[in-house]
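Readers should treat all values here as calculations from the given coordinates under stated rules, not as data from a laboratory. Only a predicted model underlies this, so the values are computations on that prediction, with no experimental measurement involved. Positions of Cβ are generated from backbone atoms using ideal geometry, with glycine treated the same way; all protein chains shown enter the neighbour counts.
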Amino acid sequence: MSNFRLIFGFHAINSRLRQNPDSIKELFIDANRRDQRARDLIKLAEAEKVRVIACDNSRLDSMVGNRRHQGITANIDSTRQHVTIDDVLDTLSEPARLLVLDGIQDPHNLGACLRVADAFGVHAVIAPKDRAVGLTAAVHKVASGAADTVPFIPVTNLVRTLRDLKQRGIWVIGTAADAEQELNTLNLSGPVAWVLGAEAEGMRRLTRETCDQLTCIPMLGSVESLNVSVTAGICLFETHRQQLMGIAKQ
């Protein structure tokens, strides 16, 4: 099985260039794209000594199929992963947006969470090394490419990692059905790390106690809980919305 995979789209490739440029073998871009966004990306790639290949849009279509590539794809070495969360945080020029998964064991749930993370611009997904699923073949399949575009960082001690994030000024928010404060009342305009627990048990006790804030999603129906990836999508969308509003006001 080849260690090289294709990623596509400006967000995914910009993130990869800023966070792990050595993993990029070559970058393909539509020769007709001459807009500022494309020029900035090419400039960044050249600064990182990444080979840039101009080609027809039809070639890009054949490489990635019917998926929306935005005129750009990259061939990456998927075995070259980030080592620590610092590798990601030290490159950011915008508020951190992190997803922390405490003990997710179902590969379909992890794959779906990675897709949600990619959709809403998460800078990294963090999970414990033990008692949790890793990046298995099943996870890659469900993630539909997001396992290669969003840094996945397994850590030995999740509580210690959360404390380190707090030391860096990141607000750590856990989701819990019994939390008193609802999602829609939170200020999410700054750096945020969302912490979601396992499918049935939720967050472990020490993880929960380490959070700065606990919140719940207002539920109008008879269902008492949501799938972890659905919860992640709701929380991350609200974060994305508020951070966009904060940028617009500047």
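Quick notes on this one:
- Neighbours of ARG168 by Cβ distance under 11 Å: Lys/Arg scored +1, Asp/Glu scored -1, total -1.
- Sparse-neighbour loop sites [GluC sites (Glu not before Pro); region 185-221; at most 12 other C-beta within 10 Å; DSSP]: GLU201
- Cα long-axis angle, helix 228-249 against the chain (0 to 90 degrees, to the nearest 10): 70 degrees
- Signed unit charges on C-beta, dipole axis of region 76-160, positive-most listed residue VAL122, THR91, GLY103: GLY103
- Cβ-based net charge around ALA198, under 13 Å, with every Lys or Arg adding one and every Asp or Glu removing one: -1
- Label separation (LEU206 vs THR156): 1.3 nm, computed from points 7 Å beyond Cα along the C-beta direction.
- Based on C-alpha pairs under 8 angstrom that are at least 6 apart in sequence, the chain has a relative contact order of 19 percent.
- DSSP-defined beta bridges in the chain - what % are antiparallel, rounded to 5: 30 percent
- Among beta bridges that DSSP assigns inside region 127-232, antiparallel share in %, nearest 5: 10 percent
- Beta bridges assigned by DSSP with both partners in region 69-210 are antiparallel in approximately 5 percent of cases.
- Taking other residues whose beta carbon is less than 14 angstrom from the beta carbon of ARG39, and scoring Lys, Arg as +1 and Asp, Glu as -1, yields 0.
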